[in-house]
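A short worksheet on the structure shown next.
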Amino acid sequence: MSKNVDEIEDNLSIGIIGCGWLGKALAASLLDKNISVLATSSKIANVEKLNQQGINAQQLTLPADKTQLVHHDIFTKQSLVIAITPQFKQGRADYAEKITQLVSAAQQRGLVQRIILLSSTAIYHGLEGNVDEENSLNFSTEKVQVFNTAEQTVLNFSKQEAKQDSKQGTVIRLAGLVGPERHPGKFILANKTLSNSTAPVNLIHQQDAVGLIESLMQINSPQGIFNGVSDTHISKEQYYQVAAKALMLDPPLFGPEKINETRRVVSGEKAKHVLSYKFIYPDLLTWL
C-alpha cells in the first residue's frame, strides 16, 4: 500500500458512483479508516444489498434529469469516485454523456472538491508495444473517442470555476481486474477457446486498484492521468495455463492467431513513482 496512506484527509467524505465489485471493496477499505462513504447504484436491489452490508447507499440512474440530479446527496461529498462502466458490449453509447452530467452537477452544486474517474486501459486500443500515459491515442474507433471525452471532462473539472482552484480531476486507467470472485481461471470456464495467445496480459488486483484510488485521496495528491496495472506482462497462454492449474482445470485452448493481433504492454511506472505506491500484488503469477 502507499507509504502515505495515513495522510488521507481528516473528516473526508467520499461518494462512490456505481458501487459494484470494485466500489464495494473501496467502500469497505474506507469505512475501516472511519471515512464517511455514500455509494450509489442504478438498481434498487443493489442499493438494498449495499445498505445491508453496512455501506450507506442510494439509487442514482443515469442519464438523469439535470434539475433533479444536482440535488442528489452524492454531490454533498468532498470527493467523488466515478466507477460506472461504459457498457459498450450492451450496445450503450452514452458513457461520456453520463460523465458530463455528473461533472456538471458537481460543478453546479459547488461542494465537491475532487473527482476521480475509474477509466480503462482499453483507451489504448489500436496502439502497439510499450505504452504509457504520454502516448497519443488512436481515435479510429468510437470506443477510444468516448473514453477520451469522458476523461477530458473530468480532467477539466478543476478548470471550470476559477474561483475554486483547489478542485481537481484525476483519471485512473485500470487494466483487467482480478481478485476475490474474479479468479482468471474462472474466465477459462466461461470462454472455452481463447484468442491472441502470444499477447501480453495487462492486469491489476482489486486491492492494488483500491490502494491507488486511496493514494489519490491524500493531502496534496496530484492531478492527471495514471495507469493502474501490475508488473505481470507474460503471454496470455502462459498466464492462463497457470490460472487453470491453480483451479485444477484443464489447460485452456487457444484459437489460431489473427493477423495484426495486439502486442501491447501498459506501463504502471508513473503511479508507482509519482504516488509513491508499492503494489501488494506486483507479480500476479505469485497471487495465482
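Looking only at residues that are touching a Gly at 6+ places or on another chain (Cβ under 8 Å) and outside any loop (DSSP other than H, G, I, E, B) in region 196-211, which one is nearest to Lys278 (Cα to Cα)? Filtering first and then ranking leaves Asp208. Just checking, does region 238-255 include any residue being touching a strand residue (DSSP E or B) at 6+ places or on another chain (Cβ under 7 Å) and acidic (Asp, Glu)? No, because not a single residue in region 238-255 is touching a strand residue (DSSP E or B) at 6+ places or on another chain (Cβ under 7 Å) and acidic (Asp, Glu). Does any residue of region 265-281 turn out to be among the β-branched types (Val, Ile, Thr), within 23 Å of Gln152 (Cα to Cα) and assigned to a helix (DSSP H, G or I)? Yes, there is a match, as at least one residue in region 265-281 is among the β-branched types (Val, Ile, Thr), within 23 Å of Gln152 (Cα to Cα) and assigned to a helix (DSSP H, G or I). Each residue in region 173-195 was checked for being in contact with a helix residue (DSSP H, G or I) (Cβ under 6 Å, 6 or more places away or on another chain) and outside any strand (DSSP E or B), and 4 of them qualify. Considered as a group, the residues in region 11-50 that are without any contact (Cβ under 8 Å) to a residue 12 or more places away in the chain and part of a helix (DSSP H, G or I) include one that is surrounded by the most Cβ atoms within 10 Å (Cβ to Cβ), and that residue is Lys49. Among the residues of region 247-288, those that are without any contact (Cβ under 8 Å) to a residue 40 or more places away in the chain and under 17 Å from Pro184 (Cβ atoms) comprise Met248, Asp250, Pro251, Thr286. Out of all the residues in region 67-88, is one or more among the charged types (D, E, K, R), surrounded by 13 or more Cβ atoms within 10 Å (Cβ to Cβ) and in contact with a Ser or Thr (Cβ under 8 Å, 6 or more places away or on another chain)? For region 67-88, residues among the charged types (D, E, K, R), surrounded by 13 or more Cβ atoms within 10 Å (Cβ to Cβ) and in contact with a Ser or Thr (Cβ under 8 Å, 6 or more places away or on another chain): present.
Gln145 meets each of the listed conditions (1) buried (at least 16 other Cβ atoms within 10 Å of the Cβ); (2) over 18 Å from Asn202 (Cβ atoms); (3) at pLDDT 95 or above apart from (1).
The values are calculated or read from the model by the stated rules, or taken from the named source; none is laboratory data. This one's a predicted model, so the numbers in the text were calculated from it and none came from an experiment. Using ideal geometry, Cβ is built from the backbone for each residue, glycine included, and neighbour counts are taken over all protein chains shown.
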